[in-house]
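Chemist: Please read through the structure below; I'll follow up with questions.
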Amino acid sequence: KAGGKGEDELEIRIEFGGGLHLLFSQQPRHTVHLPRHTPSPAASSDPSPEPTASEAADNHPATMRDLIRHMKRTILSEREEMFGEGDGVRPGILVLINDADWELEGELEYELKDRDEVVFISTLHGG
Amino acid sequence: KAGGKGEDELEIRIEFGGGLHLLFSQQPRHTVHLPRHTPSPAASSDPSPEPTASEAADNHPATMRDLIRHMKRTILSEREEMFGEGDGVRPGILVLINDADWELEGELEYELKDRDEVVFISTLHGG
Amino acid sequence: MSAQNDNAEAGPSSPHRPLKLEEYERYGRQMILPGWGLPGQLKLKAARIAVVGAGGLGCPVLQYLAGAGVGTIDIFDHDTVSASNLHRQVLHTTERVGMNKAESAAAAMTALNPFITPHPHSEPITPNNALALLRAAEIIVDCTDRPLTRYLLSDASVRLGVPLVSGAAISSAGQWAVYDDKGKRRACYRCIWPQIIPGSSGRCEDVGVWGVVTGMAGTGMAGEVIKLILGNEDQQPLLHLLHLGQNPLIRTIRLKPPSPKCIACGPNATITDDLDAVGYEAFCGGVEVDEETGM
Amino acid sequence: MSAQNDNAEAGPSSPHRPLKLEEYERYGRQMILPGWGLPGQLKLKAARIAVVGAGGLGCPVLQYLAGAGVGTIDIFDHDTVSASNLHRQVLHTTERVGMNKAESAAAAMTALNPFITPHPHSEPITPNNALALLRAAEIIVDCTDRPLTRYLLSDASVRLGVPLVSGAAISSAGQWAVYDDKGKRRACYRCIWPQIIPGSSGRCEDVGVWGVVTGMAGTGMAGEVIKLILGNEDQQPLLHLLHLGQNPLIRTIRLKPPSPKCIACGPNATITDDLDAVGYEAFCGGVEVDEETGM
Ligand SMILES: [Zn+2]
Ligand SMILES: [Zn+2]
């Protein structure tokens, strides 16, 4: 029902909390389709490679690193430095994969599975 | 990490609330592996067919009906009439597929997907 | 110079000053919230709500509805304050042990917010008087602990055409939902729970209950009431299942639409305004409990 | 013949009658719960807890801890009761507007349960006095509303080696978790939130807050405190994220273990008992807010 997902794609649900959605077209929820496999850096010298769905030997299964790169390229509507830092995200943003802190799952190296849910939040201070 | 799941199997997470776990070895949570395809009734006159993973033309994708049949055969430890009624469950038990009432999803005909979560609960009355 | 006196002098809600200055000050922190504002606060002030049960669920419900400024709150409870319930019935006090619970709750609500009007009722709600007693309410809130009353309040809400916010808690588990609304977009309690499963009707007296479980469920129910009055209730009908010590702590469930087979709200409903004819005792009592499983 | 007098006569917890008859009656409905019983109730009675902040989060925390029978509760709040906070600070009353909030909360707690001892403190907790004021507590509960105090209480809990139950609420969102325990199985607040994101430090005074959101978060925090005292806390460190009006209402998150890089609890920690040297003002104030996104 999410429409347009190919056999070689993963469907990933993304949610933002604590004001972060302001950076993503003010939408707290997004569904993105990501190729299951991505060319490994060694196989491509292009600094911003367009991933393909081919399963060549030097491709790797899509990881959180690929998702964040994909998000910056496709759904980030405001300035990147408010969200990202290097390959990852800015310190102070909590990243959750299927309701677990992503450090429990391997952070950037986590291999995404179809229907994974990824949440980005910042803390609250009121009381 | 759930161990032992084959390519032709679905991993389904099951949870019981409101006392129903007493019928299932007192375990509130179970993970079952179910063949992706099951022989259709027309293709088998055996009243309690053992499903196979083959994808013959007269097989159908596994549904909630197959899951409940599988549960009764494999994890139900107490008397069946306390849980099931016909192909389905006893009235008064709420069945949830991925946190939605199963009537929204097609009830017995719902085609299961890998990593679906199915919850069975009964109501509470205290206050 | 009590607030009520001021109120009498200034007169209520004149068109150019619909709230008194003290009310602006009191409610300012919620009026600046999105979807609230002066129109929202005036809706709350004009609202009349019936809360049945001033126990473990009713206490937080009444506390937060009073705090938010829900104008008129009918409180129904025929029971008296008991020390054995104070661990979870936190609106009452040790000094008021023996007082009617509706009266005790009303005293606490007035002390918190003198700008609202609680109406305590000590008579039990029965199939005979339910429609008459609840007719003035625009929302019915079920904070009781017996299946009989749950089905009675649901049927009354269907007959009166008002939403029902119904919650329950026992041991470490709780649940609540909004049932049944004017537009019939939501299922009624009977649509979802057409039959009682024997053994599920344990009472807090027998099984015990965590005070914080009634607290979270009751506070959640107060939130549903306020959202209904403000007109920003959840678009999908949701049921919340709470289980202390489990992950997730609360499961939010999408409910099905009204059942066409429902005997209370369906096209062939058999329940009419004659609630005395429903036979609640037989419906709730005619279940045999399996000794082994307690179900 | 008040309960305190009885208490003085009978003497506390003699070996053959560790609770008074009135306490058995009062706590019976929770003592029959699994994992509670007489040993659990005695643990609660013997416990000494510090709750910092008697506002929107503190009120339900204090109410349910008092109801459950937590023996000694230090309440810290240097603020006074204000009518503009009563929509969510439901333990106070209109009559007590102007009274110190810790004093007001203590009065309400004693009225609910005369068998517990609240100790109100009106002096602010500062980097200078935090360790001295909190040394007696076996759990610290953070119900404050400023980032500075949040990091201070976290650092104090690390230095004192006691768990921190920390919660927050603003607008329609809330969150709470247990941080930092004796066995160092849990991350501290700094491990999870090493840096403040500018703009996330909005205060309820500016943005507003739903009373039921502070209510649900505070009630959840009281549940964490009671589970910690009983010794049946969650086996995995969990963070609860509440968002009124969203599905799910509450998200339960598995937290990571302590961070080896943490400046408070890591192997190369730079924060010592000299909390005055930490520089909280600079840490919390030195963030520039982006005007466009408010972050
Ligand atoms: Zn119905
Ligand atoms: Zn740390």
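Chemist: Within 10 Å of each Cβ in peptide C:149-158, how many partner chain Cβ atoms are there on average? Round it to a whole number, please.
Modeler: Averaged over the peptide's residues, the number is 1.
Chemist: If you don't mind, there's one more thing I want to ask. Run the helix sum for chain C: -39,500 (n - 2.57) per DSSP H stretch of 4+ residues, divided by residue count, reported at 222 nm to the nearest 500 deg cm²/dmol.
Modeler: -10500 deg cm²/dmol
Chemist: Counting only protein chains, not ligands or nucleic acids, how are C:HIS92, D:HIS78 ordered by accessible area (probe 1.4 Å), most first?
Modeler: D:HIS78, C:HIS92
Chemist: Continuing with this model, one more query. Let me cross-check A:GLU111: its accessible surface, 1.4 Å probe, with only protein heavy atoms counted, in Å² to the nearest 10?
Modeler: It works out to around 100 Å².
Chemist: Calculate, for D:TYR24 and B:HIS60, the FRET efficiency according to 1/(1 + (r/R0)^6) with r their C-beta to C-beta distance and R0 60 Å; round to the nearest 0.05.
Modeler: Efficiency computed from Cβ-Cβ geometry: 0.50.
Chemist: Got a number for the accessible area of D:ARG185? Probe 1.4 Å, square angstrom, nearest 10.
Modeler: The accessible area of D:ARG185 comes to roughly 100 Å².
Chemist: While we're looking at this one, here's another question. Just by accessible area at a 1.4 angstrom probe, what is the order of C:THR126, D:THR272 from largest to smallest?
Modeler: D:THR272, C:THR126
Chemist: Report, largest value first, the span of the C-alpha coordinates of the protein assembly as shown along each principal axis, in whole Å.
Modeler: Cα spread of the protein assembly as shown along its principal axes, largest to smallest: 81, 74, 68 Å.
Chemist: In segment C:135-175, what trypsin sites (Lys or Arg not before Pro) fall in a loop by DSSP, with at most 16 other Cβ atoms inside 10 Å?
Modeler: C:ARG135
Chemist: Using a 1.4 Å probe and counting only protein heavy atoms, how much accessible surface gets buried when C and B come together, both sides summed, in Å² to the nearest 100?
Modeler: 3000 Å²
Chemist: What is the mean number of Cβ atoms from other protein chains located within 10 Å of the Cβ atom of each residue in peptide C:56-69, rounded to a whole number?
Modeler: The per-residue average across the peptide is 5.
Chemist: Still on this structure, please answer the following. State the Cα centre-to-centre distance between segment C:109-181 and segment D:111-170 in whole Å.
Modeler: Distance between centres, Cα-based: 38 Å.
Chemist: If you roll a 1.4 angstrom probe over the protein chains with everything in place, what fraction of the accessible area of chain D belongs to carbon and sulfur, to the nearest %?
Modeler: For chain D, the apolar C and S fraction of the accessible surface comes to 51 percent.
Chemist: Suppose the Debye formula is applied to equal point scatterers at every Cα of chain C; what is log10 I(q)/I(0) at q = 0.07, 0.13 Å⁻¹?
Modeler: Cα-only, vacuum Debye calculation for chain C: -0.27, -0.93.
Chemist: Helix by helix, which DSSP H runs in chain D go 24 Å or more along their axis at the Cα atoms and have an average Kyte-Doolittle hydropathy of -1.0 or more?
Modeler: Length and hydropathy pass: D:211-230.
Chemist: If I ignore ligands, DNA and RNA and count only protein heavy atoms, how much of D:VAL278 is accessible to a 1.4 Å probe, in Å² to the nearest 10?
Modeler: About 40 Å², ignoring ligands and nucleic acids.
Chemist: Now a separate question. So, R0 is 25 Å and r is the distance between the beta-carbons of B:SER40 and B:ARG73; what FRET efficiency does that work out to, to 0.05?
Modeler: After rounding, the FRET efficiency stands at 0.90.
Chemist: Under a point-charge model restricted to the Cβ atoms of Lys and Arg (+1) and Asp and Glu (-1), what is the dipole moment magnitude of the protein assembly as shown relative to its Cα centre, in debye to the nearest 20?
Modeler: 1540 debye
Chemist: Pop the C-beta distance of A:GLN26 and A:LYS5 into the FRET formula with R0 = 22 Å and round what comes out to the nearest 0.05.
Modeler: 0.35
Chemist: Quick check on my link table: of C:LYS20/C:LYS45; A:LYS113/B:LYS113; D:LYS43/D:LYS256; C:LYS20/C:LYS43; B:LYS5/D:LYS256, which ones sit more than 22 Å apart, alpha carbon to alpha carbon?
Modeler: D:LYS43/D:LYS256; B:LYS5/D:LYS256
Chemist: Ordering C:ILE263, C:ILE192 by accessible area with a probe of 1.4 Å, largest first, what comes out?
Modeler: Descending order: C:ILE263, C:ILE192.
Chemist: May I ask you to report, in nm to one decimal and beginning with the shortest, the distances from B:ARG115 to the same position in the other copies, taking label points 7 Å along Cα-to-Cβ?
Modeler: 0.8
Chemist: Another one. Which aspartates and glutamates does D:LYS101 reach when only Cα atoms under 14 Å apart count, and residues fewer than 8 places away in its own chain are ignored?
Modeler: Leaving aside aspartates and glutamates fewer than 8 places away in the same chain, those within reach of D:LYS101 are D:ASP74, D:ASP77, D:ASP79, D:GLU123.
Chemist: Counting heavy atoms of the protein chains only and a 1.4 Å probe, report the per residue accessible area for the protein assembly as shown as a whole number of Å².
Modeler: 38 Å²
Chemist: From the phi of every residue in segment C:267-273, what ³J(HN,Hα) in whole Hz does the Karplus formula 6.51 cos²θ - 1.76 cosθ + 1.60 yield, where θ is phi - 60° and glycine or proline is x?
Modeler: Values per residue, Gly and Pro as x: x, 10, 4, 9, 7, 10, 5 Hz.
The values are calculated or read from the model by the stated rules, or taken from the named source; none is laboratory data. Predicted model, so just to flag it, every value in this text is computed and none were measured. Note that we place each Cβ from the backbone using ideal geometry, even for glycine, and neighbour counts take in every protein chain shown. The accessibility values were calculated without ligands, DNA or RNA, using every heavy atom of the protein model including side chains. Shrake-Rupley method; radii C 1.70, N 1.55, O 1.52, S 1.80 Å.
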